[in-house]
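To keep things clear, I will list the structure first and then write my remarks on it.
What follows draws every value from the coordinates through simple rules; no lab data is involved. Just so it is clear, the structure is predicted and the values come from calculations on it, not from any experiment. Using ideal geometry, Cβ is built from the backbone for each residue, glycine included, and neighbour counts are taken over all protein chains shown.
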Amino acid sequence: MGASRPAPPSRTYPIRGSARCAERVSGTSPCTRTSTLTDWAELQELDRRHVWHPYGALPAQLPALPVVSAEGVRLRLADGRELIDGMSSWWCAVHGYRHPALDAALREQLERMAHVMFGGLTHEPAVRLAERLVDIAPGDLQHVFFADSGSVSVEVAIKMALQCQRAIGRPERTRLFTVRGGYHGDTFGAMAVCDPVGGMHSLFTGVLAEHVFADRPPDGFDRPLDDRWAEHVSEQLGRHAHELAAVILEPVVQGAGGMRFHSPQCLDLLRRLCDEHGLLLILDEIATGFGRTGALFACEHAGIAPDIMCVGKALTGGYMTLAATLCTAEVAQTISAGEGEALMHGPTYMANPLACSAARASLDLLADGTWRENVARIERGLQEGLAPARELPGVADVRVLGAIGVVQLEHHVDLAAATAAAVAHGVWLRPFRDLIYTMPPYVIDERELARVCAAVIEASRCASGIK
Ligand SMILES: Cc1ncc(COP(=O)(O)O)c(C=O)c1O
């Protein structure tokens, strides 16, 4: 491997920055360094050679587009082009970029402190955020564990369920029950409940915990509960109940596992089965939380609440990485009275004050309720704007729920062609597998949304090889 590694570039990389910063970095007087315009061609090449990107190879096959700034719904590229962000930075930037309220919250917090450890110490941003989350959370979720990413919050949720079962004298209940087609993150506990075929199970055979998978819920948000699926799930769950700690599920929308929507009645069934068999219900609202599906939390469509809930992504409005695992008083009390008398988790950057401040400001923005009208407006716009995709050859399905629009092809997307087509339309999209999809910021206006829809259609054409 070492022999084939490309040699690092020898010349010093020219940086654009303040003189003070240059002095600190180089240890020389600012006058001895020239501050030139960023050489993006070189940066991109360095990036390609040395930097891992998500699910990436090295060197990367496709160069990543350099973004120099972002404002509202637009990303500004190094060459001056502007792209409307059709992805909200993977579900996160619901209020758009450089929102004055979020910028101000971070600046204000920075004046106080960027971070302190959370073991033995506490601070207002975390306490106030926990209070707000408990306030808006469905059902009786009363306690909040802050984690540093969605995947980690899923690990924490799994630990909560296992510790809880152990504490009530059922240490043999160590498996989880879930459905096919799910995605819950990339850490090992989370990977083990991702779809065993579409996920990464085959790469980690023998390492991942072996959980129980039922068939994925039948497609269709509006369809009534499918009797055969209900029977299948009830039978599977009943058969394995003695070894199960919890059911884990993405409510209503399966995201990275396939961008599929299912009936809220599936959730209702699983809630009832959990109660019947003494299992905890973990809902992963990391993608769906904070309004994306038209309800503040997707489980509200079913009128049910989980025992444990994970949130992340849009929690900070796309500003900082932060997630949280919420649980009921019963779960918390059981764990705290059990072996170890504590929840066995504690990340170094737990409840980072900057991230908590951004999250509080984001929840303040959501509190006025305008997100509801915006998401309903986006839903109408996506339905209308994506409808022509149904007529395209090679398109298997077009579906919309809340501020999520999906075009599913009959084959895998040509990523380079689809991305280039969207970029040529002034839109940023990130297709995967057979899916070209969008979940724009809630603040996108009508014209921008029409552009996003046109870009999705054009990307679908190009990905299908239609000229
Ligand atoms: C439903 C769901 N759960 C968990 C995760 C993992 O979150 P993170 O990428 O922040 O670790 C994701 C990320 O896409 C997700 O969509």
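From the Cα trace of segment 75-152, what convex hull volume per residue do you get, rounded to a whole Å³? Each step should come with its number before you reach the end.
Values: hull volume 12.8 nm³, N = 78.
Hull volume normalised by residue count: 165 Å³.
Arrange the following residues from fewest to most other Cβ atoms within 10 Å of their Cβ: Asp85, Asp368, Asp445.
Fewest-to-most ranking of Asp85, Asp368, Asp445: Asp368, Asp445, Asp85.
How many percent of the alpha carbon pairs in segment 35-192 exceed a separation of 29 Å?
Values: 5439 of 12403 pairs.
Counting every Cα pair in segment 35-192, those more than 29 Å apart make up 44 percent.
Could you run the Karplus curve 6.51 cos²θ - 1.76 cosθ + 1.60 with θ = phi - 60° over segment 81-86 and give me ³J(HN,Hα) per residue in whole Hz, x for Gly and Pro?
5, 10, 10, 6, 7, x
P(r) of segment 156-284 in 10 Å steps, Cα pairs, percent per bin?
13, 46, 34, 6, 0
Specify the inter-centroid distance of segment 405-423 and segment 256-296, based on alpha-carbon positions, in whole Å.
28 Å
Please list, in order along segment 218-228, the HN-Hα scalar couplings obtained from phi with the Karplus expression 6.51 cos²θ - 1.76 cosθ + 1.60 (θ = phi - 60°), rounded to whole Hz, x for Gly and Pro.
So the Karplus estimates, Gly and Pro as x, are x, 5, x, 4, 8, 7, x, 4, 7, 4, 5 Hz.
Between Arg81 and residues 5 or more places away or on another chain, which pairs have amide H atoms under 5 Å apart, with H built 1.01 Å from N, and which residues are they?
Counting only residues 5 or more places away or on other chains, the set is empty.
Tell me, what ³J(HN,Hα) does each residue in segment 66-73 have, in order and in whole Hz, if you take phi through Karplus 6.51 cos²θ - 1.76 cosθ + 1.60 with θ = phi - 60° and put x for Gly and Pro?
With the stated coefficients, segment 66-73 comes to x, 9, 9, 6, 8, 8, x, 9 Hz.
For segment 298-415, state the average projected area of the convex hull of the C-alpha atoms over all orientations, rounded to one decimal in nm².
Working: hull surface 46.4 nm².
One quarter of the hull surface, i.e. the mean projection, equals 11.6 nm².
Going highest first, how would you order 88-96, 335-343 by mean Cβ packing within 10 Å?
On the way: 88-96: 23.3, 335-343: 14.2.
In decreasing order of mean packing, 88-96, 335-343 become 88-96, 335-343.
Calculate the dipole size of segment 102-218 relative to its Cα centre from +1 charges on Lys and Arg beta carbons and -1 charges on Asp and Glu beta carbons; express the result in debye to the nearest 20.
Details: 11 positive and 14 negative charges, 82 e Å.
Charge dipole of segment 102-218: 400 debye, to the nearest 20.
With both partners inside the chain, how many of the DSSP beta bridges are antiparallel, as a percent to the nearest 5?
Working: 32 of 47 bridges.
The antiparallel fraction comes to roughly 70 percent.
Under the rule of at least 5 residues apart or a separate chain, name every residue whose amide H is placed under 5 Å from the amide H of Arg216.
Hits under the 5 Å cutoff: Arg180.
Could you calculate, for segment 245-360, the ratio of the Cα radius of gyration to the Kirkwood radius, expressed as Rg to Rh? Please report the intermediate quantities before stating the final value.
Working: Rg = 15.3 Å, Rh = 15.4 Å.
So for segment 245-360, dividing Rg by the Kirkwood Rh gives 0.99.
How large is the dipole of the chain about the Cα centre if only Lys and Arg carry +1 and Asp and Glu carry -1, each at its Cβ, rounded to the nearest 20 debye?
Numbers: 43 positive and 55 negative charges, 285 e Å.
With Lys and Arg at +1 and Asp and Glu at -1, about 1380 debye.
Sorting check: for 354-364, 226-236, which peptide has the highest mean count of neighbouring beta carbons within 10 Å, and how do the rest follow? Please list the in-between numbers first.
Numbers: 354-364: 24.4, 226-236: 14.9.
Taking the mean over residues of other Cβ atoms within 10 Å, the ranking is 354-364, 226-236.
Report P(r) for the chain: all Cα-Cα distances, bin width 20 Å, range 0 to the bin holding the largest distance, values in whole percent.
Histogram of Cα-Cα distances, whole percents per bin: 22, 55, 22, 1.
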